[in-house]
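Peer 1: Let me begin by handing over the structure; questions about it come next.
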Amino acid sequence: MKKALRSCLSTSVIIGAAFLTTACETVQTTQGGAVGIDRQQRMAVSAQELDQAANKQYSALLEEQRKKGALNTNAAQVKRVRAISDRLIAQTGVFRPDARNWKWEVNVLTSNEVNAWCMPGGKIAVYTGLIDKLQATDDELAAVIGHEIAHALREHARERASEQAVAGGLISIGSAILGVGDLGQQGAQYAYMGLVGLPNSRSHETEADRIGVELAARAGYDPRAAISLWQKMANVGGSAPPKLLSTHPSNQDRIADLTVYSQRVMPLYQQAKR
């Protein structure tokens, strides 16, 4: 009887999994480029819906920063960041031609935080803390902005949202069928994050690093600056979380990978500088 019940429950979970995963589509968001990013992605969330949500969130954030007097307060910094971004954006067609037609926006936010990001659809923000605390060169700024642009090109936010939607549905179905309750469901969520969620996030960071150095090289910025950038990041980062609990690769792993891939794209940089 117990064996039959377990079989029935397993079958139900499989049916539930099949129902959720059929909503996914397999996509190739970008072309491989010289760095060879060719991993296919499974998406269960609409790109259009995510872009619309990002646009609203970006507009609201800019308005909030404007009211605080923290939006684009230093004209020279804004001009510098936008000039670097424009050169990088001009190279995005190598990875996806449609990105040339995105409604790109680039703004600088006054904050001590060492941060930068690019929302889906090309909405970029660079924090003054990153510029000032790192004393970032143009090449280093190109490395970090190129990295953030790469996240948008690869639609990593959409991919993470899709993974979470499918995993959340499977966990809910399994917990309901097996009757494990809230504690069991929470345990399943932790297991998902440890075995799937965080490693996938780290792979996203590596992809963004590699695409970022190629964008920088093609735009005429020294791709090796990504190495010095992360060395500086390590010095201001303070106490880092354990590698297995981090959504980012360790600085050591990251620098080692960037050393290899910056050399791979050096011919592109040398060609752009002629």
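Peer 1: For segment 28-36, check the following and say yes or no: at least one residue is in contact with a Pro (Cβ under 9 Å, 6 or more places away or on another chain), under 30 Å from Leu268 (Cβ atoms), part of a loop (DSSP other than H, G, I, E, B) and at pLDDT 95 or above.
Peer 2: yes
Peer 1: Next question, about the same structure. In segment 150-176, what residues are acidic (Asp, Glu) and either within 26 Å of Val94 (Cα to Cα) or at pLDDT 85 or above (or both)?
Peer 2: Selection gives Glu155, Glu159.
Peer 1: What pairs come up if the first residue lies in segment 146-164 and is more than 15 Å from Val27 (Cβ to Cβ), the second is of a type in the set (Phe, Trp, Tyr) and at pLDDT 85 or above, and their beta carbons are under 7 Å apart, counting only those six or more places apart or on different chains?
Peer 2: As it stands, the answer is Glu148/Trp117, since those pairs meet every condition given.
Peer 1: Ok, one more. Report yes if Arg80 is within 20 Å of Ala217 (Cβ to Cβ) and in a helix (DSSP H, G or I), otherwise no.
Peer 2: When the stated conditions are applied, Arg80 passes them.
Peer 1: Exactly one condition in (1) buried (at least 18 other Cβ atoms within 10 Å of the Cβ); (2) over 24 Å from Lys232 (Cβ atoms); (3) in contact with a Gly (Cβ under 6 Å, 6 or more places away or on another chain) is not met by Arg100; state its number.
Peer 2: (1)
Peer 1: Still on this structure, I have one more. Pull out all pairs, ordered by first then second residue, where Cβ-Cβ is under 7 Å, the residues are six or more apart or on different chains, the first lies in segment 256-274 and is surrounded by fewer than 21 Cβ atoms within 10 Å (Cβ to Cβ), and the second is not in a helix (DSSP H, G or I).
Peer 2: Arg264/Ala34; Arg264/Val35; Met266/Pro223; Ala272/Ala219; Ala272/Gly220; Lys273/Gly220
Peer 1: Answer yes or no: is there a residue in segment 41-52 that is touching a Gly at 6+ places or on another chain (Cβ under 8 Å), at pLDDT 90 or above and not in a loop (DSSP other than H, G, I, E, B).
Peer 2: Yes, there is a match, as at least one residue in segment 41-52 is touching a Gly at 6+ places or on another chain (Cβ under 8 Å), at pLDDT 90 or above and not in a loop (DSSP other than H, G, I, E, B).
Peer 1: Can you run down the residue pairs with Cβ atoms below 7 Å, 6 or more apart or on separate chains, where the first is in segment 67-82 and surrounded by 15 or more Cβ atoms within 10 Å (Cβ to Cβ) and the partner is in a helix (DSSP H, G or I)?
Peer 2: The qualifying pairs are Leu71/Leu62; Leu71/Gln65; Asn72/Val78; Gln77/Thr128; Gln77/Ile131; Val81/Leu141.
The values are calculated or read from the model by the stated rules, or taken from the named source; none is laboratory data. Source: prediction; values computed, not measured. Because the Cβ atoms are built from the backbone with ideal geometry, glycine has one as well, and the counts that use them run over all protein chains shown.
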